[in-house]
Structures are given as structure tokens and as C-alpha cells.
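Okay, structure first, notes after.
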Number of protein chains: 2
Amino acid sequence: MDLLVTYDVETVTPQGQRRLRKVAKICEAYGHRVQKSVFEVVCRETDKVRMVAALQEAIDPTQDSIRIYRLPTHALDDVEHLGKPRLIDPRGALVI
Amino acid sequence: MDLLVTYDVETVTPQGQRRLRKVAKICEAYGHRVQKSVFEVVCRETDKVRMVAALQEAIDPTQDSIRIYRLPTHALDDVEHLGKPRLIDPRGALVI
């Protein structure tokens, strides 16, 4: 499945900065970063369940927000992009 | 159509901060902010063309990045959300 994961982590405290690094690390393990807090993820249902559980564990639910959009198959191959390019193959190997 | 607009604007300079405000203002005219740099947009094709033209004009293409994901109809009604809720109706009236 193709997913888009976006997040806002409150980073005014050192704890928040730690949470941000943790959230980014989890997302990096499952997908490709396309913007500072936007990841494109191509994975199986079981991986998604694992990723969501890890993210749930990493955030402070009173301060942080994560949104997961389920996209139609191959929607990630057809994204309109303006400005600075960041060419990635959403189905390419992950750099972990 | 349902769109998701995400952006990264380089804000190290006052010019960048101005561009960021401009990009946010354009997005606010077309959709609902769900995270700091993520907007959900429900609009017609003609509005999308106008929005893209305005965004194109607002950014510095060598430094900023905007991504526009076209989602299946009503995908915005079924987004997985973790943490701090920001309850919005993606089809609701815009606050401009």
C-alpha cells in the first residue's frame, strides 16, 4: 500500500526535540523523506501496523500530531511538485 | 477533487519568512490547515489551476518545495490521526 505520513512534533523542549528525532527515525525505517516532516511509505499492512504502533509510542499525544493518508496504488508515482526537486523513487531501496 | 498540499519553505532569511507567510495564505484560501505545513484542499479543477499558479509565483524554486497529492474522492474523510486532534471537516466552510 502507498501511504503518506505527515507530522508536527512540538520541539520547544529538549524532550520534544528527542521525540522529533525518534519520529523521523521510525519514518525513515519505513519510507522516503520528501520534505522535512513528510514521508512517502510503500509497505505491507503488517509493516503499517508496526509503524503506527511505534509512532504511537514515540509521540506525546497531547502535543504532537501525526496524520497517515492511504493513497491509491501508484499515486506516489504521480505527485505534482513545485520548486526544489527531491527526486526519489518511492519504491526504491530504503537508506537506513 | 481532494488534494493534499505539503510544503517546505526555507525560512533562514526574512525573504524566506515572507514567502512562507505568502504560501500559507494562498493555501488558507483554498483549504484547511491540518498541520503547520500541511493543507487539505477540496476544490474544482479550475481552483486547483489558480492555486498552483499562485504557489508557483510565491516560492523560490531553488529553495522551497511544494508537493500536491491528488487523493481519491472522500479520502480526506478517512485519515488516520495519532496524537493531538485537530478536528476539521475537510468539506466545511473556509475561514478566510
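The values are calculated or read from the model by the stated rules, or taken from the named source; none is laboratory data. Just so it is clear, the model here is predicted, and its values are computed rather than measured. Heads up, the Cβs are rebuilt from the backbone with ideal geometry, glycines too, and the neighbour counts pull from every protein chain shown.
Annotations
- Top-ranked residue of region A:68-83 - restricted to ones that are surrounded by 13 or more Cβ atoms within 10 Å (Cβ to Cβ) and of a type in the set (D, E, K, R), ranked as farthest from the other protein chains (Cβ to nearest Cβ): A:70
- Applying the criterion of being free of Cβ contacts under 8 Å to residues at least 24 places away in the same chain and within 14 Å of chain A (Cβ to nearest Cβ) to the residues of region B:8-23, the residue that is surrounded by the most Cβ atoms within 10 Å (Cβ to Cβ) is B:20.
- Scanning region B:1-33 for residues that are among the β-branched types (Val, Ile, Thr) and either within 14 Å of residue B:60 (Cα to Cα) or in contact with a His (Cβ under 8 Å, 6 or more places away or on another chain) (or both) turns up B:9, B:11, B:12, B:13, B:23.
- Which numbered condition residue A:5 fails, given (1) farther than 20 Å from residue B:3 by Cβ; (2) at pLDDT 95 or above; (3) more than 9 Å from chain B (Cβ to nearest Cβ): (1)
- In region B:83-91, the count of residues that are modelled with pLDDT under 95 and either hydrophobic (A, V, I, L, M, F, W, C) or in a helix (DSSP H, G or I) (or both) is one or more.
- In region B:2-28, the residues that are closer than 18 Å to residue B:48 by Cβ and either part of a strand (DSSP E or B) or touching a Lys or Arg at 6+ places or on another chain (Cβ under 8 Å) (or both): B:2, B:3, B:4, B:5, B:6, B:7, B:24, B:27
- Region B:29-67 - residue that is in a helix (DSSP H, G or I) and hydrophobic (A, V, I, L, M, F, W, C) and, of those, farthest from the other protein chains (Cβ to nearest Cβ): B:29
- Residues of region A:47-96 satisfying the condition of being in contact (Cβ under 8 Å) with a residue 12 or more places away in the chain and small (Gly, Ala, Ser): A:54, A:58, A:65, A:75, A:92
- Within region A:35-48, tally of residues that are closer than 18 Å to residue A:93 by Cα and within 9 Å of the chain's Cα centre (by Cα): 4
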